[in-house]
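The values are calculated or read from the model by the stated rules, or taken from the named source; none is laboratory data. Because the structure is a prediction, the values reported are computed rather than measured. Cβ: placed from backbone, ideal geometry, glycine included. Neighbour counts: every protein chain shown. Side chains included, ligands, DNA and RNA excluded: accessible areas come from the protein's heavy atoms. Shrake-Rupley method; radii C 1.70, N 1.55, O 1.52, S 1.80 Å.
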Amino acid sequence: MTKEKRPLTISIAGVSGGGKTSVTQELNALLHKSKMLSFDDYDFEGPNDIIDWVDRGAYYDEWNLDPFIQDIEALHSEPLNYILLDYPFAYKHTKTKELIDITVFIDTPLDIAMARRIMRDCKNSSTESIIADMENYLSSGRRGYVEMLRTRKPNSDIIVDGTLSIARSSSFLEWKNMLI
């Protein structure tokens, strides 16, 4: 009896606005027999105050990722070649670490990520709301972004230049071709 090979599980990480979802969706369209899961599609039990969590050391196992983990494990038994995770933690969570084969970090400068996030999330927001969001980013939120660069970027197997378009990024095409 031969043991079936499980799908290659690839985690795509990066800061908010960094391109995780776009890259994951593009890969899902390009790779044969793949499925994607997105961290943002779940309502996880975790720290109520993200900045306090970062300031306390950002212990990733404080997040209860059981529903996400169950879905990854279920996909492992499907006839897939790839499981793509739009997932910000890379290898940092103990329970997901063993389920991931490759982590990719989209390295996007914080100013570009912030501009993308504003364009994506604030289309119908008032000027006052956008300014309040920027004040929050400057007073405390930026620490969460910097934490990702400090801990998750070096914890990833592949670093992709987040300033380039997905289709034109030579590093994106380079690592994508390693997977096909």
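With the convex hull constructed from alpha-carbon coordinates only, the stretch 88-140 shows a mean projected area of 5.2 nm² over all directions.
Per-residue 3J(HN,Hα) values for the stretch 32-38, derived from phi via the Karplus relation 6.51 cos²θ - 1.76 cosθ + 1.60 with θ = phi - 60°, read 6, 6, 10, 9, 10, 10, 10 Hz in sequence order (x marks Gly and Pro). Ligands, DNA and RNA left out, the 1.4 Å accessible surface of the stretch 1-106 is 46% carbon and sulfur atoms. Residues whose amide H lies under 5 Å from that of I159, counting only those 5 or more places away or on a different chain, are F105; hydrogens are built 1.01 Å from N in the peptide plane.
Can you give the longest run of the chain that contains no trypsin sites (Lys or Arg not before Pro) sitting in a DSSP loop with at most 11 other Cβ atoms inside 10 Å? Within the chain, the longest run free of exposed trypsin sites (Lys or Arg not before Pro) spans 57-122.
Per-residue 3J(HN,Hα) values for the stretch 75-92, derived from phi via the Karplus relation 6.51 cos²θ - 1.76 cosθ + 1.60 with θ = phi - 60°, read 5, 4, 8, 7, x, 10, 8, 9, 10, 10, 10, 7, 9, x, 8, 6, 8, 6 Hz in sequence order (x marks Gly and Pro). What's the longest bit of the chain with no exposed GluC sites (Glu not before Pro), using DSSP loop states and at most 16 other Cβ atoms within 10 Å as the test? Formally, the longest exposed-site-free interval is 5-97. Near the amide H of M36, within less than 5 Å, lie the amide hydrogens of L84, all on another chain or at least 5 residues away, with H placed in the peptide plane.
The helix-based estimate of mean residue ellipticity at 222 nm for the chain, built from -39,500 (n - 2.57) per DSSP H run of four or more residues and divided by its residue count, is -11000 deg cm²/dmol to the nearest 500. In the elastic network of the chain, a GNM with C-alpha springs shorter than 10 Å, the most mobile of L65, L138, L85 is L138. Rg over Rh for the stretch 1-102 works out to 0.99, both radii taken from alpha-carbon positions and Rh defined as the Kirkwood radius. The residues of the chain present an accessible area of 56 Å² per residue when probed at 1.4 Å with all protein chains retained. Note that the stretch 97-104 has calculated 3J(HN,Hα) couplings of 3, 6, 8, 9, 9, 9, 10, 10 Hz, one per residue in order, obtained from phi through the Karplus relation 6.51 cos²θ - 1.76 cosθ + 1.60 (θ = phi - 60°); glycine and proline are x. Measuring nothing but how far apart in sequence close Cα pairs (under 8 Å, 6+ apart) lie, relative to its length, the chain scores a relative contact order of 34 percent. Put the Cα centre of the stretch 35-82 next to the Cα centre of the stretch 17-33 and the gap is 18 Å. Take the chain, connect every pair of alpha-carbon atoms lying under 10 Å apart with a spring to form a Gaussian network, then pick out the residue of F44, F105, F89 with the largest mean-square fluctuation. Top of the fluctuation ranking is F44. When the chain is treated as a Gaussian network with alpha carbon springs shorter than 10 Å, the biggest mean-square fluctuation among T151, T96, T127 belongs to T127. Pairwise inverse Cα distances across the chain, averaged and inverted, put the Kirkwood hydrodynamic radius at 17.2 Å.
Size descriptors for the stretch 63-117, from the alpha-carbon set: Rg then Dmax equal 13.7, 40 Å.
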